[in-house]
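The values are calculated or read from the model by the stated rules, or taken from the named source; none is laboratory data. In this text, all values refer to a predicted model and were calculated from it rather than measured experimentally. All Cβ positions, even for glycine, are placed from backbone atoms using ideal geometry, and neighbour counts span all protein chains on display. Side chains are part of the model used for accessible areas, which takes the heavy atoms of the whole protein and leaves out ligands, DNA and RNA. Shrake-Rupley method; radii C 1.70, N 1.55, O 1.52, S 1.80 Å.
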Amino acid sequence: MIIKERFKDKVAIITGGADGIGKGVACRLGKEGAVLAVFDINRELLDSTIREFEGLGIQAKGFVVEVSSESQVSEAILEVERLWSKIDIVIHAAGIVGPTNTKITDFPTSDFDKIYEINLRGTFLITKYTLKVMKKAGKGRLLLIASIAGKEGNPGMVGYSSTKAGVIGLVKGVAKEFADTDITVNGLAPAVIKTRMNENTAPEQLAYMTAKIPMHRLGTIDEVAAMSCYIVSDENSFSTGFVYDISGGRATY
Ligand SMILES: NC(=O)c1ccc[n+]([C@@H]2O[C@H](COP(=O)([O-])OP(=O)(O)OC[C@H]3O[C@@H](n4cnc5c(N)ncnc54)[C@H](O)[C@@H]3O)[C@@H](O)[C@H]2O)c1
């Protein structure tokens, strides 16, 4: 259910916002009044997503950003601040899976390095540079998308599981650095959500992950958007350093 004007006058950065979960959350934030800065590496997809948003009456601008590049991240964030003078909300959804159904003994180190660069270094950079802006206002909401794989560890996905565990550690530590301000830093740990990310996941791996969900189904982008929008809303003000669950009952802690 759209809550009209919940995010009126808010400036929101959404990384990985051209597709999947990021796009779904961005769309809902935009429909509820936020101005969107959409970061993504895929220029073509980004352009079509921005056109789609504009067609819905959403104010959005696309930024081609590789989240593992310090210069690209810092420059794009500076540009957002220059354009709108503030950053109220960050949803960091850019990420990759890498090899699946692959034991660590066969896992290419180059793939591990790439997953680390995007999933963990990228999260560090987005968090670092947006907090530099948010701390001036002493107010803001950051939501970093982790994964159930980071909480529990999925076998066959060492790169993904360990970098998402790193994101969880980052949320818990960094949130406390700002807990005496009105800046909150939270995480979200989804189980399998129906997006393009899972298209190349090995069928055995997908079957393993789905079988572990007591609700016996995949989550939807709309469900993730609904929870994410609550987490980054003003009324969610006494919760920081927490990793929210959206796993159909897989995680009960
Ligand atoms: N789909 C799931 O089942 C699931 C489950 C748990 C966690 N997650 C997490 O949710 C987030 C979003 O996943 P999704 O399923 O929407 O994925 P997706 O592949 O559908 O979308 C990811 C988006 O991020 C962009 N992107 C990828 N690498 C990038 C980079 N280096 N720099 C900038 N942009 C980049 C892609 O172009 C794409 O638009 C990811 O962090 C993922 O790990 C997804």
Grab the other residues whose beta carbon is less than 15 angstrom from that of Thr109, score K and R as +1, D and E as -1, and report the net. -2
GNM on the chain, Cα springs under 10 Å; top mean-square fluctuation among Thr105, Thr201, Thr220 goes to Thr105
To the nearest 10 degrees, how steep is helix 221-231 against the longest Cα principal axis of the chain, on a 0 to 90 scale? 50
Ranked by accessible surface with a 1.4 Å probe, highest first, in what order do Phe7, Phe238 come? Phe238, Phe7
Using only the alpha-carbon atoms, how far is helix 122-137 inclined from the longest principal axis of the chain? Give it as 0 to 90 degrees, nearest 10. 20
Cα-only Debye scattering, the stretch 158-253: base-10 log of I(q)/I(0) at q = 0.19 Å⁻¹: -1.01
Around Asn236, with a cut-off of 12 angstrom between Cβ atoms, what is the net charge of the other residues, counting Lys and Arg +1 and Asp and Glu -1? -1
May I ask for the angle, rounded to the nearest 10°, between helix 70-84 and the longest principal axis of the chain, with both axes built from Cα atoms and the value confined to 0 to 90°? 30
Would you please name the trypsin sites (Lys or Arg not before Pro) within the stretch 94-190 that are DSSP coil residues with at most 12 other C-beta atoms within 10 Å of their C-beta? Lys103
What residue among Val67, Val174, Val185 shows peak mean-square fluctuation when the chain is described by a Gaussian network model with Cα springs under 10 Å? Val174
Can you list residues whose amide H is under 5 Å from Ala202's amide H, if they're 5+ apart or on another chain and H is modeled 1.01 Å from N? Thr100
Convex hull of Cα atoms in the stretch 1-141, direction-averaged projection (nm²): 9.4
Which value, to two decimals, describes the C-alpha radius of gyration of the stretch 67-200 once divided by 2.2 N^0.38 Å? 1.11
Amide H contacts under 5 Å for Thr184, placed H, 5+ residues apart: Gly140, Arg141, Leu142
Net charge near Thr15 (other residues with Cβ under 12 Å of its Cβ; Lys, Arg +1; Asp, Glu -1) is -2
Restricting to Cα atoms and excluding each atom paired with itself, what does the Kirkwood estimate give for the chain in Å? 18.1
Which three semi-axes in whole Å describe the equivalent ellipsoid of the stretch 122-177, each the square root of 5 times a Cα gyration tensor eigenvalue, listed largest first? 26, 10, 8
In whole Å, how far is the Cα centre of the stretch 84-113 from that of the stretch 1-76? 19
Which residues qualify? For Tyr244, with a placed amide H closer than 5 Å and at least 5 residues away or on another chain, they are Gly187, Leu188, Ala189
